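This report refers to the structure that appears directly beneath it.
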Amino acid sequence: MQLRLATVHDAQAIRAIYNLEVQTSTATFDLVPRSLAEQEDWLSARSGAFAAVVAEEGDTVLGFASLSPYKERAAYRTTVEDSVYVHRDHHGQGIGRRMLSEVCDIAAASGFHAVMARIEATRAASLALHRACGFRLVGTEQEVGRKFNRWLDVAVMQRLL
C-alpha cells in the first residue's frame, strides 16, 4: 500500500467510498450523495495546505483523508479539520492511521497549529483512530445532527501540532 496526494482522477473512487457512508452510516452528516462533478470540485479545492491523500494498492483506492478549513473567521486560520474514510473492505488494516498521520504531517509542515476532528459520538473506531494519532477529546456537542430519524451527538477531538 502506498499513500499519495489525491488528484481529480481519483474522484470516482473517492465518491464511491464517500457515498456509501452518506447513504448507510453516520460517518458523515451529508444526506445526499455527491455527483461526480461535485466530487471533482471538492478535489480541486484540496491542494496545498488543504490537501487530500489517498491510500492505494495497485490501481485500487482503499481510502482517503483530507484537511479542510476549520472555520471561516480569520482567527481560526491556524486550525484545520480532518476527514478520514477507508473502504469498508479494508477496515482494521491500519490504513486510516497511516492516512491520518500523513495529513497531520502535512498540516504541521503547512504551519497549522491545531487539527480538529468532529466525529459522530458512537463511532468507536473513529474515536480510537484519533486517540491513537495523538488526539484528545475536548468536548461533545449534543444532538447537533439528525440522520436516519435520530438525533446525533458529535465528539470534538483535537491535536496540537
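Every number here is computed from the coordinates shown, using simple stated rules; none is lab data. Since this is a predicted model, take the numbers as computed values, not measurements. Using ideal geometry, Cβ is built from the backbone for each residue, glycine included, and neighbour counts are taken over all protein chains shown.
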*Enumerate by residue number the GluC sites (Glu not before Pro) in the stretch 17-107 meeting two conditions: DSSP loop (anything except H, G, I, E, B), and at most 14 other Cβ atoms within 10 Å of the site's Cβ.*
72
_Taking the beta-carbon count within 10 Å as an exposure proxy, list 68, 126 from fewest neighbours to most._
68, 126
*Over the stretch 1-61, consider all pairs of different Cα atoms and compute the Kirkwood hydrodynamic radius from their mean reciprocal separation; express it in Å, one decimal.*
12.1
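Run the helix sum for the chain: -39,500 (n - 2.57) per DSSP H stretch of 4+ residues, divided by residue count, reported at 222 nm to the nearest 500 deg cm²/dmol.
Result for the chain: -9000 deg cm²/dmol, rounded to the nearest 500.
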*nm² value of the averaged projected area, convex hull over the Cα atoms of the stretch 41-141*: 7.3
*Counting alpha carbon pairs within less than 8 Å and at least 6 residues apart, what relative contact order, in whole percent, applies to the chain?*
19
*At what distance in nm do the modelled label points of residue 30 and residue 7 sit from each other, each positioned 7 Å from its Cα along Cα→Cβ?*
2.2
*asked:* If I model a spin label at residue 149 and residue 88 as a point 7 Å from the Cα along the Cα→Cβ vector, what separation in nanometres do I get?
replied: 2.0
*Take 1, 157 and order them by how many other Cβ atoms sit within 10 Å, fewest up front.*
1, 157
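Calculate, for residue 131 and residue 23, the FRET efficiency according to 1/(1 + (r/R0)^6) with r their C-beta to C-beta distance and R0 25 Å; round to the nearest 0.05.
The computed FRET efficiency comes out at 0.35.
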*asked:* How would 135, 29, 148, 50 line up from fewest to most surrounding beta-carbon atoms within 10 angstrom?
replied: 148, 29, 50, 135
*asked:* To the nearest 20 Debye, how big is the dipole of the stretch 1-122 about its Cα centre, given +1 on the beta carbon of each Lys and Arg and -1 on that of each Asp and Glu?
replied: 360
*asked:* Calculate the FRET efficiency for residue 109 and residue 37 from the Cβ-Cβ distance with a Förster distance of 30 Å, rounded to the nearest 0.05.
replied: 0.45
*At q = 0.19, 0.31 Å⁻¹, what is the base-10 log of I(q)/I(0) for the stretch 41-94 according to the Debye formula with one equal point scatterer per Cα and no solvent? Please give it to two decimals.*
-0.73, -1.21
